[in-house]
1. Of the residues that make up the stretch B:137-152, is at least one away from chain A (no Cβ under 14 Å), small (G, A, S) and over 19 Å from the mean Cα position of the chain (by Cα)?
2. I'd like to know if the stretch B:26-36 contains one or more residues that are buried (at least 24 other Cβ atoms within 10 Å of the Cβ), not in a helix (DSSP H, G or I) and not β-branched (V, I, T).
3. Pick out, from the stretch B:132-246, the helices (runs of 4 or more DSSP H) lying fully within it that include 2 or more residues that are touching a residue at least 60 places away in the same chain (Cβ under 8 Å).
4. Report, by residue number, each residue of the stretch A:88-107 that is more than 9 Å from every other protein chain (Cβ to nearest Cβ) and without any contact (Cβ under 8 Å) to a residue 40 or more places away in the chain.
5. Sort out which residues of the stretch A:225-247 are farther than 19 Å from A:L91 by Cα and under 12 Å from the mean Cα position of the chain (by Cα), and write them in order of number.
6. Take the stretch A:284-302 and flag every residue that is more than 9 Å from chain B (Cβ to nearest Cβ) and either buried (at least 22 other Cβ atoms within 10 Å of the Cβ) or closer than 22 Å to B:L81 by Cβ (or both).
7. Quick test for you: out of B:V97, B:V26, B:V108, pick the one residue that is under 20 Å from the mean Cα position of the chain (by Cα) and in contact (Cβ under 8 Å) with a residue 60 or more places away in the chain.
Amino acid sequence: MQQLNRWPSWVILGIGLLVLPFLIKDFRVFQLSLMIVYAIALLGLNILTGYGGQISLGHGAFYAMGGYCAAILMDRFGLPYMATIPLAAGLCFLAGIFMGFPALRLGGHYLALATFALALAMPQLLKFKHFESLTGGVQGIILMKPTPPFEFSFLDQPLSEDRWLYFVVLAVAVIMFALARNLLNGRIGRAIVAVRDQPIAAGALGVNLAFTKTITFGISAAFTGVAGALGTITVAFVAPDSFNVFLSISFLVGVVVGGLASIPGAIFGAAFIQFVPNIADQISKSAPWAVYGVFLIALMYLAPNGIMGIINRRRRGL
Amino acid sequence: MEAFWLQVLSGVTNGGIYAAVGLALVMIYQSTHHINFAQGEMATFATYIAWALLQLGLPYWLAFGATLLIAFAGGVAIQRLILRPVEKAPVLTNVIVFIGLLVIFNAVSGMLFDHTIKVFPSPFPKEGFLVTKFFSGHQLGASFVTLAVLLCIFAFLRFTPIGLAMRAAALNPDSARLVGIKVSWMLAIGWGFAAAVGAVAGMMVAPIVFLDPNMMSGILLYGFAAALLGGIDNPWGSVVGGLIVGVLENLLGAYVIGTELKLTVALVLIVAILTVKPDGLFGKKVVTRV
Amino acid sequence: MTMNSKRRDITQAIAAVAIGVGMAGASPAALAQKQYGPGATDQEIKIGNIMPYSGPASAYGAIGKAAAGYYQMINDQGGVNGRKINFVSLDDGYSPPKTLEQARKLVEQDNVLALVTTLGTPTNSAIHKYMNQRKVPHLFIATGATKWGDPKGYPWTMGFQPSYQPEAKIYVQHILETKPNAKIGILYQNDDYGKDYLKGFEDGLGDKAKSMIVAKVSYEVTDPTIDSQIVQLKASGADTFFNITTPKFAAMAIKKAAETGWKPTHYLNSVSNSAGAVMNPAGAENGIGIITGLYWKELDDPEFAADKAMTDYLAFMKKYLPQADTKDVNYLYGYSNAMAVAEVLKRCGDNLTRENVMKQAASLKDFNIPTLLPGINLTTGADDFFPIERMQPARWDGKRWVRFGKVLGR
C-alpha cells in the first residue's frame, strides 16, 4: 500500500514500460507482449485459486475460448480486433458461471479433476466437425496481424506492428490489473476471501456463498478469456493444438511461482512461464524440460509462497 | 451382439489399466493426502528400468521384482530428499513440486532411452485355458495382477500396524506424532509403495500400448478420473471407477456419440456423477468441525 | 557486417572490370560476386529448424537429430563450398504459438538464411504466413499436408515428401482396380494429418464414397489405446481397412486387428510404415499382407543390402548417432532431407541469398537422393513445389516390405 504513495517510482516504471519497446528488437517486443498476455491470464486464475481458494486445472480452456471467440469474430464476422476483447470477456464470464455450478458441489481434488476435464475436452470440441465452419476444425484460423493506425517514430525506431500490439496489450493489462485491484479490495473481493477462509462464518454474516463462488469463477474466466483474445491477436493464429493440457498446468505453475493471492505476482509468474523454458533450452539441449523441472522445484524450496512471498517478507523486514 | 461384448470387454481391459494407475494415486493419497501428478511419469521411468534389465538378459520375473525394489527405494528417496523440504508448505506448493518431478522424469526418460517406441514383453502366455477371442492372455494376466495388488494394498492398510500408522499419519499428523508414530517415515514408505504400485501398472500397461516416454500421459488423466470417481480414499473405489470409465468411454464412442466426441462426453458424465456424489461413489464423507 | 559490405564493394569493382574485359567467353558463374543474405558468410551458412523434441510428438525429434548429424558429417568433410553449416534446431513441443516464437527468434535474432525441415502441420501453419511475409525460405517441411505446395500463394514455402491426398488416391486406385465392391473401414487420427488423408481418400472415391465406406472412426493422440476403434471397425463388416495412424497407434492397430481375428485388406499410410518403429513392434507376422506406399529404400530389403546408399547411411548412424535405432525411418528421413538441403545450398554457390536459395530449391530436376527408391527423384519447378511425388506400392511379407507393380504418381 505504501508503494502507491511513492509515486515517482511508478512514474519511472511507467516511462520505462513505454520506452522499452523502442530499445529492443521487434522479436523481443513480441515475447514481452506474450508475457503480459500470460500475466493477465494468471491474474484471472489467481482470482479463483489464490483469492477464492478453488483450484482450477482447466484455465487453458477459458484461454482457448477467449482466443477462438476473438478469432471467429475477426475472421468470420469481420469485427475489429479491439471489439473482440470485451466480447471474449463476456463469453468467458458466462462460461465461467456455467462451470461454477458444479464447482459449488465439488471441492479440492474433485474440482481439480472437473476443471482438468474441461481443459482436456476443449481441443476435442474445437475440432468437432459440426463446428468446423466456425472454428476451422483441425486447421485452425489464420488471422491478419493488426497494423498500427498511425506512423510514429521514437529513438530512430518505427512503430512496428509488434510495438503497436505491445502498447495495446499493455493498455488492456493496465485496465485489467486496475479492475482486479478495485474488485479485490472491495466488497466482492472481501467476500471471496471470506468464503475461502471461513465459509460457514461468512455465510452466517450474510455472504451469499453460492453467488460469491459462482461469480468468482465467472470473473476469473473472464480475465483469462481476455488474455486468450489478446494472445490470439498477437500470434495471429489459433488451432486446437495451441491449447493443450500443458497450458493449463503452466498457468497453475505461473500462479504459484508468482505468489498466490497477489496481483503483482502474476507478472513474475508470467515471466517464469514465458522465459524459463527458453533459458532451460539454452542450458541443456538434450533434456531442457528436466532443467525446467529443477528450476521449478528449487524455486519452491526457496519461495514456497511464490516470488511475492519473498518480496513481502523482505518488505515486512523479516 | 458380439461387438457389444467386445467393446465392453475392451473397456474392462482399459479400465483395468486406469484402475492400476488409480490405485497408485490412492496409495499416495492415503499416506500423504496429496495427489501425485508425477505418478504416470514415475511409472514410465520404472518400466524403462525394467526394460533395461530385460535387455541385459534377466529373466522376466527377476527383472519385475528388481524393478519393484528399485521403484520402492526410489519412491522413498524422492520423499526424503525432494518432498520433505516442502512437507509443511501449502498444498499448491507441493503440487508444483509434483509437476516439476513430472517434467523431470519425462525428460530424463526421453534422454536416456530415446523416443522410439519399444516393445515390452508380456509374461503371460498367448494361448491358454481361459484365452478366447474376447480376452488375450495378457489382458487376463494383467487383470489378475491388478487385483492381487489391490488385495495386498487393502490388506496392508487395513490389517497391519504399519498400515494403520500410515493412515493415521496422513489423517492427523500431529496426533500421530503424539502417539509416537514417525510421521515423516510413514510418508516415505507411502511413497515407496505408491512408486512400486506405479511400476506394476507401467509393466502391465506397456505390452499393450508400447513403451515410450509419453506412454502414461494419456492414461494418467483416466487414472485420476478412476481414483476420484471411486473416491480418492478407497482402493476398491478406484478399481470400480476405472472399470466404469473404461467401459463408459468405449460404449459412448461406439454407440452413442461417435469417437470424435467420446472423451468430452465421458468427462461430462464423470463430472455429472461427481456432482451428485461429491466425494466419489464410495468415498468417505469428510466432515469438518467449524 | 561492415567487413562483408567492404569486401562486396571491392569484389563488385573487380567484377565490373572483369566483365568489361572478358565479356566474350567468360561463364557467368565464374564472374558472379559473392552475395550473402542473412546467416551466410565466407565461413558458415546458418540455417534454422524447429522440431518437437518434447511433448506428444517427441518421437519425430529423431528427424532433427539425424539432420544435425548429417550436417556435422558434411562439416567434417569440409563443408558446403568450403563453408560450415551451422544448424540451429529449437524445440516447440508441438505447440503452434511456441513454433511462431521460435521461428521469429531464428529469423529475427539468429538471422538464419532459411528454415528447413520444420515438422508438423499445425505448427507449420502457424508460421506459414510469417515466413512468406518475411520472405524467408521455408524449405522441405517435414509433413505431407497438401497445402505446402502452393507457389502462387506462398512462394517461400516448399514441401518435401509425397503429400497425403495424392497418396490416398493411389490406394483408392488400387482398391477400385482389385476390389471394386470393397466395404471400407477407416481409422484416422483426429487432426490435420488424419483429415488430409481422409479428404484425399474420399475425394478419390468420389460418388462411391458413400456406398463403399462403411465405417469411419477417429482417435485422439491422447487416447491410451485404440482397441475400441478396431472392435468397432471389425463389427462394421468392413473387409478393407485404410489405416491413417501415426506409428505408435499403427502398431497398436495392427496388433489388435490380428488379436481380434480381423483380416481385412489393409492399407497403411506411409507415415507409419517403418519396419523398426511399427511393423516389428506390432508383431511381424501380424502385418502380413499390409499394403503401403514406399519411397525410401528399406534396410531389410535384400536388393539393397549391399547398396552404397544404405551402407553409407548405416556407417553414418554408427559414427554420429550410435545409440539410435537405425530401423526407425525417422532417422533415414532426417538424413535424406538434410541431403536435399545441402544440395540446394551447394547449388547456390557463392550466391547465398534467400532469393537464390528459393530459386535453386525450385529448379531441381530429377535430383536423386540415393536413399530414395529407384524411379523416385526430387523434381521441382516454378509451379511445382512438391519435390517427391512418386511412390512404390509394397506389401509386407512377415519379414520386410516387398515391392510390387510400378512406381506411381506424377
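1. Pass one, the stretch B:137-152, residues away from chain A (no Cβ under 14 Å): B:137-152.
Subset that is small (G, A, S): B:137, B:141-143, B:148.
In the following step, the residues that additionally are over 19 Å from the mean Cα position of the chain (by Cα) were identified as B:137.
The answer is yes, given that some residue of the stretch B:137-152 is away from chain A (no Cβ under 14 Å), small (G, A, S) and over 19 Å from the mean Cα position of the chain (by Cα).
2. yes
3. Working: elements: B:137-159, B:161-171, B:173-178, B:183-209, B:217-230.
Correct list: B:137-159, B:161-171, B:183-209, B:217-230.
4. Within the stretch A:88-107, the first condition is being more than 9 Å from every other protein chain (Cβ to nearest Cβ), and the residues that meet it are A:88-100, A:103.
Scanning the stretch A:88-107 gives a single hit, A:F98.
5. The answer is A:L247, and nothing else.
6. Of all residues in the stretch A:284-302, those more than 9 Å from chain B (Cβ to nearest Cβ) come to A:285, A:302.
Within the stretch A:284-302, just A:L302 meets the criteria.
7. Details: B:V97 fails: in contact (Cβ under 8 Å) with a residue 60 or more places away in the chain; B:V108 fails: under 20 Å from the mean Cα position of the chain (by Cα).
Going through B:V97, B:V26, B:V108 in turn, just one is under 20 Å from the mean Cα position of the chain (by Cα) and in contact (Cβ under 8 Å) with a residue 60 or more places away in the chain: B:V26.
So that you can scan it fast, the table gives a plain yes or no per residue for (1) modelled with pLDDT of 85 or more; (2) at the interface with another protein chain (Cβ under 10 Å from one of its Cβ atoms); (3) under 22 Å from the mean Cα position of the chain (by Cα):
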| position | (1), (2), (3) |
| --- | --- |
| B:G218 | no, yes, yes |
| B:A226 | yes, no, yes |
| B:S238 | yes, no, yes |
| B:L248 | yes, no, yes |
| B:K262 | no, yes, no |
| B:I273 | no, no, yes |
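The values are calculated or read from the model by the stated rules, or taken from the named source; none is laboratory data. None of these values were measured; they are calculated from a predicted model. All Cβ positions, even for glycine, are placed from backbone atoms using ideal geometry, and neighbour counts span all protein chains on display. Keep in mind that these areas ignore ligands, DNA and RNA; they rest on the heavy atoms of the full protein, side chains included. Shrake-Rupley method; radii C 1.70, N 1.55, O 1.52, S 1.80 Å.
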